[in-house]
Structure formats: structure tokens, C-alpha cells
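Each remark here refers to the structure printed beneath this line.
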Amino acid sequence: MSLLPAISQDSLLDALQESAQPGQYARQYLAQGQERLNQAFEATNITELVQARATMVDQVMIAAWSLFGLAERNDVALVAVGGYGRGELHPCSDVDLLVLLADTPEQALCDSLERFVAFLWDMGLEIGHAVRTLDECVELAREDITVATNIMEARTLAGNDILRGQLEDRTGPEHMWDSAAFFAAKWEEQTARHKRFNDTEYNLEPDLKNAPGGLRDVQMIAWVAKRHFNADSLEALVNDGFLTPEEYGVLRKCLDYLWEVRWQLHVQTERNENRLLFDHQRQLASRLGHEDTSANLGVEHFMKGFYRVALALSVLNEMLLQLFDEVILRSDTQEQVRPLNRRFQVRNDYLEISSPDVFEQHPSALLEAFVLMAQNPDLKGIRASTVRALIYNRRQIDDAFRNNPVNTDLFMQLLRSPHALFSQLRRMKRYGILGKYLPEFGGIIGMMQYDLFHIYTVDAHTLLVIKNMRRLRYEDLREEFPLASEVFYRLPKPELLYASGLYHDIAKGRGGDHSELGADDAIAFCQRHGLTAWDGKLVAWLVRNHLTMSVTAQRKDISDPDVVYDFARKVGDLVHLDYLYVLTVADINATNPTLWNSWRASLLRQLYTETKRALRRGLNNPVEKQDWIDETRDAALRLLTDRDHDGPEIEALWANIGDEYFLRETPRDISWHTEALLDREDPDDPLVLIRESSQSVLAGGSQIFIYTPDTRNLFSATVNALDSLGLTIMDARIITSVDGFSLDTYIVLDEHGTPIGEDWARIEQIRKTLTETLKYPDRYATTVSRRMPRRNKHFDVPTQVVISNDIVNDRTAVDIQTLDRPGLLAHIGRIFMRFEILVQNARIATLGERAEDVFFITDLDGEPVSDPTLCQELQQTLKQELDDKNNGNT
């Protein structure tokens, strides 16, 4: 099938002249032609498609130019610039045009040009156009590197081609922007562009045109090559010796891949969209043939391929620009060379091999290069020629190489290096060495998880974990991570921590339990690298249990001594606790910047401290709950009597509260609550207290304490009010006294993930809203005005509900995982109310688009919900209603 409609240029012009609505005719012609191109996508090379699209637009442009009587004039030219100038157009790409004038136009020409441009808009094309004289173009090009770049890619569509030739001559490197100035300006431009995308190829919603590893990085190479070498194509760089045939093949393959993605993205969105938004990723993956499997979603497989292509292009861009830098900017620089050893030397502060065949003769040098970089942190990098040799010779890394004691010793030297471990591991990954040396790591390169919780690919997250571990050595982080920094310095062998970080997520994407599979890989790594059996078991234990501490802290009631002792028994000793704590802190901080907040920090700190105390007390000597309660009461009483409160009055108030309160609260908070209850003026109004929890043991959030008559919908009314105030609930403790009052404590953060602080106007607003709500809880609004965030709408999180009985604490646990949205907690509370269920405690966690909440409930008599039929009905109702709401059915 011919890619374009079978019509000659003259016939197209005749058709436009004969049509009553030439603009509509041209629009239909382009639409029909585009449909033919779309149908040919599967069977046609993408280069042919983008060129055919440009050719089709050329035909219409040339015909339109003649239609308005412009073809006969010698004082004007129609010039294609930008991507259109290169002869590359995607379905909805901007069509960039320059109307180039010999001199200031007379009115008749201006009128013709106005009609011509209006006609182009009638055709439905996204036109970017400029009308300028030759002199104006030259002056603008002198001032603006972007204009000069566009002119380099210009081609004449119609009119006087001599004008474009004159423009090309007058804006060439002999007159402006010589190759050195051009290269420096474009490099600065690229650096700024990359910075806008956080200098990473791995953004969750990448821009395939402008982000690192995108189309602009390929064009950057082409622009510099054309300016300096007058190379008309990337392939010409092979002849100039700046690109090997193999590198050109990689470059061409990656470019074709990005073009295919961009083509389908334009077809899908019907606009010039270059961002892989969550809105588009699933459908785009399906369009490109990626289907779901048992281990991975199709969209995850698609994005993994995209990220790998972006990384490959980014590395090529980096290497070639460094080569250009040496040839263009530093050609006159005096060479300063000093040897490091027989295999490596330093040239102008860059590491390079001492002869071209070093890696062939000494394969271990493939790892030694990075050890030397770590040992010489003053070096600026690895010379481009050596990077090229590294990439070419990585094929030598096989099982024999991996098991060679020389190489395993080199890798352990790197892990034990006091400097630049993260930088060198990252460099090894970029050049393909790390993935070859550790094939299990190679499997996670570019792997994404389709959610909002994991904002980095697995490989990027893994290296960021190690970076976070290393940062704990620095004094400036002592304030941000005081306990983790202190514990880090006690670790006898930090390299074991780094090994656990390297392997903690290594088995993701394989199906099965990645912690167990990763532990097996970690054992094999430790054995191969000569670690002792004890060290290997510790690393494997850390990998197997890397989620245990965060899950315990965030999803269990760590004020319960039984929970602490269960965790202490799992840990076993202080050495395991120390390593696990640092790994957990580094892991959470490398998962999502919004995940780590003062509240989560306080939970982990509390669990670490209580577990350490339990280990010192002895695992066979757990604290009795009654002893805990008595100690808490006595400590709170001392605080109150020191402030001149009457002991009998205090005891009378406490008599109706019950032991659960003294088990869950701290002496300092009990003193705060009691003092306010004894001093309050109006006993009929709800009591609402607010303060920074940094004033108590539970540092990290703001505490809201509520004392009010208990009602069935009290929980729903309260969480709805807090949600309407833009507060995020992190923890809830609901205690009902013997005389029917509810003593509720909520730990909240503001919309920025921080405590409320000393914003007294904000505190008073919260207090007033809660007080009014709790006076009449039956009247609270059941709808939430806040909208679900755009990103959340594109994730399918089926609701999961697990109900189990906590026999030790006489309550029922309801574990709910569902899509996070405004009003979720209030909705759950209303369901509990319908089932005549009381919430006694809640642990609230939001992980990206997913809410993972645990509610501890009882019936109206304070007993566990033990009726199997009722539990099944509750489970089904929660699942159905939450899924219906998430899917927009209610």
C-alpha cells in the first residue's frame, strides 16, 4: 500500500482551486492521508512514517503557496524550520514555518501572506510561523541560539531558495556562533533543560521530547555535529570517527523507539502531547503490544523499555558531548598526564586507560576503574574514550569473571570505600557494568511499579537507599536523622548494610515474595564475595525482613507492650535491630519524598527505643500489662500533684476511665488531659485540646484530644471535620469511659506533611470547627467537597478487607486497603455506624494512591465482633461500597 494518496502536486493545486471550500478540502486530504499512515504503523518503519507525514504536509504547503499567487514572486520564500525542517513530522507535531522576505514587503504581499496563513489554520494544522526579512533573521540569530539552531535545519518549500542560501551563509559559524560558542551555549541550554526534569531519565510521567534521554538529547548531538563537522546526519559521525557503527546502531534503534511511542501518543491523545502522563500510559502500552502477565502489568513492561532506552540515549549523549568538549572547547588545552598504575592514568583530572587494549588484556580493570574513582574523589570523571572502552568491553563480564576472586575483592573494596560509593555504583549502572556484574541487578534496571507510592524505578530506588545510608556519616545530617546517624556509627561493618540495601528489592518483578527471593540472592552474593557465614546470614536476614520494622511501626499498636515484645523476639539482638533500623530509615526516604515525615520518624524512633529496652530487659522477662498501667498512673499522678492538683479529685475523675486509657496514653499526655478536664469551665461543651506532639513522647505530629459524650457516629463526624480542614490523620485512639464519655486522641499533619505548628489562628479554627461538629454530631455533612487528585483517578486499587480477632486485647482488627480519596475515613465510619460497631483504635497510612488503614473495633458492649455472618457482611459491604465510590458508581 502506498503511504500517501496518489495525487500529483499539480492535481492537488487544481483540486484546491476548484473547491468551494479549499481549507476544508485540504483538511480532509490531510486527515485521509494520516489515516493511511496510522494503518501502516505496524508494517512500516517509523522513519518512513514521519518522513511521509512531512512530505504530505509539504504537498499542501506548496499548493497553498501557489493558491494565493506567491509562487511567481522572487522576493519571498516559504521555509520549513525545526523538526519540519528536518523532514520529520509526527501526527500532531507543530509545523514550524519561516516566511523569509528579501526586504520589507509591500501591502499586496502582506495581504497575500495573511490569506495564506489564515488558510493554514483552516486546514487544522498547528502552525508556528514567523514573517521576517533576511536582515531581521540574521540579527535575531546573532542574539538567540535557538533561532540560529532553527536556521541550521531550514529547507525551502517554495519561493526563492537563494534567500535561504543567503540566510544560511550569513548565520554560519564564520559569522556568528562559531563551533566553540555554539557548543558551549547548547550545552548550557541542555543542562538547564535537564535540571527542569530533576536530571533524571526516570520521572514518573516522563517527557519523551525534553527530559534527559529524550529526543532533544539526540538532536543536541546532531546540532553540534552539523555546526562543527558540517555533518548532515548522525550516520556521518561514524565516518568522522566520533561514533562507532555499534553506537550508531544503538542511537538509531533508540530514536526509532521514541518515535514509535511519540507517534502512538499523538494518535491516542489527538494533540501534540509529549508527556507520558498516567492518563495515557496504560492505553499506550496496550497500543504498543504490552500485555499484563502474572508478574508484571503491561504498562510496567512498557515503561521499563522506555526507561532503558532513555538511559542508553542519555549515556551516549553524555559520552559524545564529552568527546566534542575535548575536540571543540579543549583542543588547545595543555595536556597534564600522571600515571596511577600500569593500567590507568589521569589526564586533565579525568581517569583514562593507559593504552587502548587495557580492558582486553586486563578484564579486571573493568571494576578497578570504579575503585580508583572512589579512591581519588578529586577526579572529575572518566574520560569519554575510556567510557567507550568500558561499554564495549563489558561483554567480557561472564560467570568466570564474576567468580574470579580478584574481581570479587575489587567489588568489596568498592563497598568498603570511604568515598563516593553511591557515585561509582551509579556510574557503573549507567555504563552497563553493574548490571553485567550482578545480573540480578540488571533485571531491575528501568523497572517501575505502576503506582504513586514508588516514585523511582527499582534500580534508582536501590542506589538512592545506599546514598541515604552514606549520608548518615555527615555532620550536617545529624539534626535531620539524629538517631539513625548515631546508630550508623555503631555498626561494626557498614558494608553489610550496603549489601542489604543493594539486595533488598533485587527480586521485584519476578513474581512471588521478593523479600524471600532477594534473601536467597543475597546469600549467594555473600558467599561469592567471601563474607563469613554470620555476615551472610545477617545480610540475608535484613533483606528478608526489610519491611518488618516499617510495617510494625505503621500498622500495629506499638504502645502495646505485647507488640513490642513480639517484634523484639523477631529481631533477637541489638546488632540486628541497629542494622534493620538504619536500613528502614534509608529505604523509606528513598521510596517517596512525601512518605518520610516527622510522624513516621517518631513511630520508628519509638519502636526502636522500646525494642532496645525490651532486649535489655530480656526476651524471657516481658513487662506485665498491669505493671505498665500502674507505672503510667503513678507517673501521671506525680506530674499533676507537682502542679498542686488534688489527689482525691484526680482519682475520682480517673475512676470512670478504665485501664485501657492508661495503657495507650503517656503520663505527660494523661496529665495534660486531666488538668484540662479538671479546670474546664463548661462541662456540657465538648473539650478539644490541640498541641504539638513534639511536647510529648509522640514527636512528629499535632495531637488533638477530644472529650465528649460518646455517640455512634462520633468517629465519622470527627474524621469528616478533620478532612474538611485539610488535615491528614496519622493515628487515632478511641477510648470510651465507664460513664459513657469518649476520650479520643488524633495525631494529624497539615497538607504539607508537617505538624500545625504555632499557627494560633489555624489552631483556633480547628478547635472551633470540631467543637461545633461534636455538639451536634448527628448533623455533620456527609459529603466532602475536595476533589480526588488527577493522578489518583488513573489507578485501579481493588478494595481488600481482612477481618481478624485480636484475642489478647479483646477486639477485632479490620485491615482495609483501597484507593485513597477525600472523605474515605468518614465513609468507613458511616459503614461501621450502620453495623453498630465502635472504633477503638486506628492506624492510618497513605502510600501514594493507596490507603492502608487498620481499625480496631468492638461491638456496642465493648466485645470483639465474633459473629462470622456479621463479619462476612461487614467485609462485603466495605468492599462493595468503597469500590463503587472509587469507580464513580455512587
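The values are calculated or read from the model by the stated rules, or taken from the named source; none is laboratory data. Since the model is a prediction, treat every value here as computed from it, not as a measurement. Backbone-built Cβ (ideal geometry, glycine too); neighbour counts: all protein chains shown.
One line per residue, one yes/no per condition, for (1) within 23 Å of N348 (Cα to Cα); (2) in contact with a Leu (Cβ under 9 Å, 6 or more places away or on another chain); (3) crowded, with 16+ Cβ neighbours inside 10 Å:
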| site | (1), (2), (3) |
| --- | --- |
| F370 | yes, yes, yes |
| G381 | yes, yes, no |
| A384 | yes, yes, yes |
| R388 | yes, yes, yes |
| D399 | no, no, no |
| F411 | no, yes, yes |
| L414 | no, yes, yes |
| F422 | no, yes, yes |
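Just checking, how many residues over the stretch 829-856 are within 24 Å of L749 (Cβ to Cβ), part of a strand (DSSP E or B) and β-branched (V, I, T)?
Total meeting the criteria: 3.
Taking the conditions exactly as written (of a type in the set (A, V, I, L, M, F, W, C) and either closer than 30 Å to L101 by Cβ or not assigned by TED's automatic domain parsing to the domain that holds V261 (or both)), does A211 satisfy them or not?
Values: of a type in the set (A, V, I, L, M, F, W, C): yes; either closer than 30 Å to L101 by Cβ or not assigned by TED's automatic domain parsing to the domain that holds V261 (or both): no.
No; evaluated as a whole, the condition is false for this residue.
How many residues does the stretch 334-387 contain that are of a type in the set (D, E, K, R), under 26 Å from T408 (Cβ atoms) and under 39 Å from the mean Cα position of the chain (by Cα)?
Residues that pass the stated criteria total 3.
For the structure I just gave you, tell me whether Y248 is surrounded by fewer than 19 Cβ atoms within 10 Å (Cβ to Cβ), among the aromatic types (F, W, Y) and not assigned by TED's automatic domain parsing to the domain that holds D199.
Criteria not met by Y248.
Please list, ordered by residue number, the helices (runs of 4 or more DSSP H) wholly in the stretch 340-451 having 3 or more residues that are out of contact with any strand residue (DSSP E or B) (no Cβ under 9 Å at 6 or more places or on another chain).
By residue number, 365-375, 384-393, 399-402, 405-415, 421-430, 433-437, 439-442.
Out of (1) among the small types (G, A, S); (2) modelled with pLDDT of 95 or more; (3) surrounded by fewer than 22 Cβ atoms within 10 Å (Cβ to Cβ), what's the single condition that is false for A77?
It fails just one condition, (3).
With the structure loaded, tell me whether E126 is assigned by TED's automatic domain parsing to the domain that holds H90, touching a Lys or Arg at 6+ places or on another chain (Cβ under 9 Å) and surrounded by fewer than 14 Cβ atoms within 10 Å (Cβ to Cβ) or whether it fails that test.
yes
Of all residues in the stretch 129-157 being farther than 13 Å from L78 by Cα and either of a type in the set (G, A, S) or assigned by TED's automatic domain parsing to the domain that holds A185 (or both), which is surrounded by the fewest Cβ atoms within 10 Å (Cβ to Cβ)?
A141
From (1) at pLDDT 90 or above; (2) assigned to a loop (DSSP other than H, G, I, E, B); (3) among the polar types (S, T, N, Q), pick out the condition that doesn't hold for N889.
(1)
Taking the criterion of being surrounded by fewer than 22 Cβ atoms within 10 Å (Cβ to Cβ), within 34 Å of the chain's Cα centre (by Cα) and either at pLDDT below 90 or not in a strand (DSSP E or B) (or both), would at least one residue in the stretch 708-719 satisfy it?
no
Quick one: what pairs do we get from the stretch 278-300, first residue among the charged types (D, E, K, R), second part of a helix (DSSP H, G or I), C-beta under 7 Å, 6+ apart or different chains?
D279/H794; R282/V299; R287/Q264; R287/Q268; E291/G298; D292/G298
Sort out for me the helices (runs of 4 or more DSSP H) sitting completely within the stretch 572-658 that have 3 or more residues that are of a type in the set (V, I, T).
On the way: elements: 574-589, 598-617, 625-641, 647-654.
By residue number, 574-589, 625-641.
Scan the stretch 540-566 residue by residue and report those that are in contact with a Phe, Trp or Tyr (Cβ under 7 Å, 6 or more places away or on another chain) and either closer than 13 Å to L580 by Cα or β-branched (V, I, T) (or both).
Once the filter is applied, which keeps residues that are in contact with a Phe, Trp or Tyr (Cβ under 7 Å, 6 or more places away or on another chain) and either closer than 13 Å to L580 by Cα or β-branched (V, I, T) (or both), the stretch 540-566 yields L542, V543, M549, T552.
Report yes if D292 is out of contact with any strand residue (DSSP E or B) (no Cβ under 6 Å at 6 or more places or on another chain) and either modelled with pLDDT of 95 or more or assigned to a helix (DSSP H, G or I) (or both), otherwise no.
no
Given the conditions (1) in the same structural domain as V250 (by TED's automatic domain parsing); (2) within 29 Å of V218 (Cβ to Cβ); (3) among the polar types (S, T, N, Q), which single one is not true for S294?
The number of the failed condition is (2).
Here is a list of conditions, (1) within 26 Å of I62 (Cα to Cα); (2) crowded, with 16+ Cβ neighbours inside 10 Å; (3) out of contact with any strand residue (DSSP E or B) (no Cβ under 7 Å at 6 or more places or on another chain), and G172 meets all of them except one; can you say which number that is?
Here G172 clears every test but (1).
Just to be sure I understand the filter: pairs with C-beta atoms under 6 Å, separated by 6 or more residues or on different chains, first member in the stretch 487-508 and over 12 Å from L531 (Cβ atoms), second member surrounded by fewer than 24 Cβ atoms within 10 Å (Cβ to Cβ) and among the aromatic types (F, W, Y). Which pairs pass?
V487/Y581
Name the residues in the stretch 552-575 that are basic (K, R) and free of Cβ contacts under 8 Å to residues at least 60 places away in the same chain, would you?
Result: R569, K570.
Looking at the stretch 750-778, which of the residues that are within 18 Å of I706 (Cα to Cα) and either of a type in the set (D, E, K, R) or modelled with pLDDT under 65 (or both) is surrounded by the fewest Cβ atoms within 10 Å (Cβ to Cβ)?
Step by step, filter the stretch 750-778, then rank; the result is D778.
Just wondering, is there one or more residues in the stretch 206-217 that are on the phi > 0 side of the Ramachandran plot and among the charged types (D, E, K, R)? Before you say what the answer is, go through the steps one by one.
Residues of the stretch 206-217 that are on the phi > 0 side of the Ramachandran plot, as a first pass: 213.
Cutting the leftovers down to among the charged types (D, E, K, R) gives us none.
No; the residues of the stretch 206-217 include none that is on the phi > 0 side of the Ramachandran plot and among the charged types (D, E, K, R).
Determine the pairs where a residue that is on the phi > 0 side of the Ramachandran plot, located within the stretch 396-418, has a partner that is buried (at least 19 other Cβ atoms within 10 Å of the Cβ) and among the hydrophobic types (A, V, I, L, M, F, W, C) with Cβ atoms under 9 Å apart, the partner being 6 or more residues away or on another chain.
Taking only residues 6 or more apart or on different chains, not a single pair turns up.
State whether one or more residues within the stretch 313-324 are on the phi < 0 side of the Ramachandran plot, assigned by TED's automatic domain parsing to the domain that holds D207 and either in contact with a Pro (Cβ under 7 Å, 6 or more places away or on another chain) or not in a helix (DSSP H, G or I) (or both). Can you show your working first?
Start the filter on the stretch 313-324 by keeping residues that are on the phi < 0 side of the Ramachandran plot, which leaves 313-324.
Cutting the leftovers down to assigned by TED's automatic domain parsing to the domain that holds D207 gives us 313-324.
Now drop any that are not either in contact with a Pro (Cβ under 7 Å, 6 or more places away or on another chain) or not in a helix (DSSP H, G or I) (or both), which leaves 314.
Taking every residue of the stretch 313-324 in turn, at least one turns out to be on the phi < 0 side of the Ramachandran plot, assigned by TED's automatic domain parsing to the domain that holds D207 and either in contact with a Pro (Cβ under 7 Å, 6 or more places away or on another chain) or not in a helix (DSSP H, G or I) (or both).
Residue pairs, Cβ under 8 Å, 6 or more apart or interchain, first in the stretch 210-223 and in a helix (DSSP H, G or I), second of a type in the set (K, R). List them.
Between residues of the stretch 210-223 that are in a helix (DSSP H, G or I) and residues that are of a type in the set (K, R), the close pairs are L215/K209; L215/R262; R216/R193; R216/K209; M220/K186; W223/K186.
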